[in-house]
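The values are calculated or read from the model by the stated rules, or taken from the named source; none is laboratory data. These numbers were taken from a predicted model, which means no experiment stands behind them. Virtual Cβ from ideal backbone geometry, glycine too; neighbours counted across all protein chains shown. Quick note on the areas: whole protein, heavy atoms, side chains included, nothing else; ligands and nucleic acids left out. Shrake-Rupley method; radii C 1.70, N 1.55, O 1.52, S 1.80 Å.
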Amino acid sequence: METMRRFRERKTVSKTSSSLLVALFVAAAGIEGVHSYAPHFAPPRPRRPTHRPASIVDAEVLVPPFRAANDPADHVLSAGPGGVGPTLSFGGREVNLFGFRVLAAAVLTCPVWGLALNAYEVVAEAVGRDPNRVHFDGLGKIWSRVFLWMSDCFPERFGREHVAQEGRAVLYAANHASWLDIPLLCTSIDPVFKFIAKGELRKVPCIGKQLVGGKHILIDREDRRSQLRTFKEGVAWLKSGVPLMAFPEGTRSDDGHLQDFKGGIFSMAVKVGVPVVPVTITHAHAVMPSNALFPFQSGAGKLAVHLHPPIDPEGLTEAELSLKVREAIMSKLPQCQLPHQNKDDSDKKLTEA
């Protein structure tokens, strides 16, 4: 009898544990399934107010499945309290349950990526080959693909016929609204190119090593000499047949809307006479807002990278070239990422210039 009683107790515990595991798995795996399609469900029941930063509560973090840009049905569902699930704060950054899935992907892939970069540097220095760091940058592109795939954030890619052939220099110009933009671009453009990025990224593990070791252009926006050095390095890369990747807004958009373009970026294309390929990235801010430590939701069916036909700078002023690039980028932006209404005056001034 005692043996039978113990067997029944163990069986009950086993069933309870299994139920808990199933519940946890459904919660972790279903967060993107439920939230991503939230527009098709009735609003959730009112919950007791929770204290979260306004940027989280009001963030545009839930988007419907992928649709053509500027589709009237393409909208963003603002997340109320609880819309992104429970969140934790780490150093002013927020992370939710889906974010821990992305954290697991980073923990699994970043050490391998870092070791590969260190090993390649040793070999490259010993052999003395790969001056443009083509294969070194290739390691970063492999990591980007694996990381985005494991995070369920692999983008739709359009216009890849406009990617420059190896040895042909162009200036890629993309909108910038999320940290995800870097791996999204690396996943969408195969031949080697060099980022023009802020110098603070040197301190970011793995990414900093990739940028420094890959001889990308790092700029200190407060240092005039750094800006001049950036121009010279950029012109040198373009003249050697290596494309550049620049963010004309100069900084990441906090709310996802396209910002004014800064001057100077397109002067390199005008100086060397290389085409500019506009690039539109959609919904990256919705998937990973500026105050998120990791993505808040799956990017599958939402994230997209559009490459536009090259724009020849011949006969154009820098202002005219900038306006054409801006119009191309805006042509594929969803409504929720178009410039704020008060930006229209800036566009008119740019046209008049």
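With the alpha-carbon atoms of region 94-139 aligned to their principal axes, the span from lowest to highest coordinate is 46, 16, 14 Å, starting with the largest.
Rg over Rh for region 163-263 works out to 0.94, both radii taken from alpha-carbon positions and Rh defined as the Kirkwood radius.
Computed extension gain for residue 88 through residue 267, at 0.36 nm per residue and net of the alpha carbon distance, reaches 60.1 nm.
Quick one: putting +1 on the C-beta of Lys and Arg, -1 on the C-beta of Asp and Glu, what dipole do you get for region 224-353 around its Cα centre, in Debye to the nearest 20?
Using only the charged Cβ atoms, the result is roughly 500 debye.
What would the Debye formula give as log10 I(q)/I(0) at q = 0.08, 0.09, 0.12 Å⁻¹ for the alpha-carbon point model of region 87-340, no solvent? Reported log10 I(q)/I(0), two decimals: -0.30, -0.38, -0.69.
Of all GluC sites (Glu not before Pro) in region 117-179, which ones are in loop regions per DSSP and have a Cβ with at most 13 other Cβ atoms within 10 Å?
166
Karplus-derived 3J(HN,Hα) values for region 183-189, using 6.51 cos²θ - 1.76 cosθ + 1.60 with θ = phi - 60°, are x, 4, 5, 5, 7, 9, 10 Hz; glycine and proline are entered as x.
For 206, 153, give me the order by solvent-accessible area with a 1.4 Å probe, most accessible first, ignoring ligands, DNA and RNA.
Sorted descending by solvent-accessible area, the residues read 206, 153.
Where in region 210-243 is the amide nitrogen less than 17 Å from a point lying 7 Å along the Cα-to-Cβ axis of residue 130? The answer is 210-216, whose backbone nitrogens lie closer than 17 Å to the label point. Of the residues 149, 143, ranked by 1.4 Å probe accessible area with the largest first, the sequence reads 149, 143.
Here the Karplus curve 6.51 cos²θ - 1.76 cosθ + 1.60, taken at θ = phi - 60°, turns the phi angles of region 167-175 into couplings of x, 10, 7, 9, 10, 7, 10, 10, 6 Hz, with x standing for Gly and Pro. Counting only Cβ charges, +1 for Lys and Arg and -1 for Asp and Glu, the dipole size of region 119-185 around its Cα centre is about 120 debye.
In this view, the solvent-accessible surface of residue 294, computed with a 1.4 Å probe and all protein chains in place, comes to about 40 Å². Dipole check for region 87-340: with +1 at the C-beta of Lys and Arg, -1 at the C-beta of Asp and Glu, and the Cα centre as origin, the magnitude is about 420 Debye.
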